[in-house]
Every structure is written in structure tokens, then in C-alpha cells.
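Student: One structure, pasted below without further comment.
The values are calculated or read from the model by the stated rules, or taken from the named source; none is laboratory data. Here the structure is a predicted model, which is why all the values come from computation and not from measurement. Glycine also receives a Cβ, built like all others from the backbone with ideal geometry; neighbour counts cover every protein chain displayed.
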């Protein structure tokens, strides 16, 4: 089975409800702590491996150490629960 892997440049993967995609504000680069960098900054501030942030009126799933892959019919999300060695 052939999979296409997707990763990030260091930030978390965020699953935003479709109904709230237009309210996702992304990043607001300022000189404050990461939590003040808008939606993206709040997602980056999630502690642990999995968390949520509010986007619009809904909760978005934040996967801190994760990637996802898709084959012809299925999506899979993989979460790294231990540091890479």
C-alpha cells in the first residue's frame, strides 16, 4: 500500500471543523509569548501530545507530534508518543 506522508516545518497539525475554517486566523507574529501569536500560537502552546484550542465557536484538535498519511481510500493520523531516538 502506497502512502503519501505529510509533515510540518515544526508546528503542530490542527484539525479545524469545516464550519470554522473561515474563522481560523493563523499566526499573528508579535514580540509576545507564543500564546499571543493568534490561533497558530495557541495551538503551538498546547502541552503534551494532543490538545484542543477554540476556533470560532468550535474546538479544533491539535496534534503536537503527529503526521498524517492518505492512501487511495483512507486517512490515517499517527501520533508520536515517545521522543525519537
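Student: Quick check on this structure: which one of 60, 66, 45, 84 is surrounded by 15 or more Cβ atoms within 10 Å (Cβ to Cβ) and at pLDDT below 80?
Tutor: Exactly one of 60, 66, 45, 84 is surrounded by 15 or more Cβ atoms within 10 Å (Cβ to Cβ) and at pLDDT below 80, namely 66.
Student: Can you pull out every residue in region 1-28 that is closer than 19 Å to residue 46 by Cβ, at pLDDT 75 or above and either under 14 Å from the mean Cα position of the chain (by Cα) or loosely packed, with under 10 Cβ neighbours inside 10 Å (or both)?
Tutor: 11, 12, 13, 14, 15, 16, 17, 24, 25, 26, 27
Student: Where residues in region 58-79 are assigned to a loop (DSSP other than H, G, I, E, B) and under 14 Å from residue 15 (Cα atoms), which of them is nearest to the chain's Cα centre (by Cα)?
Tutor: My answer is 64.
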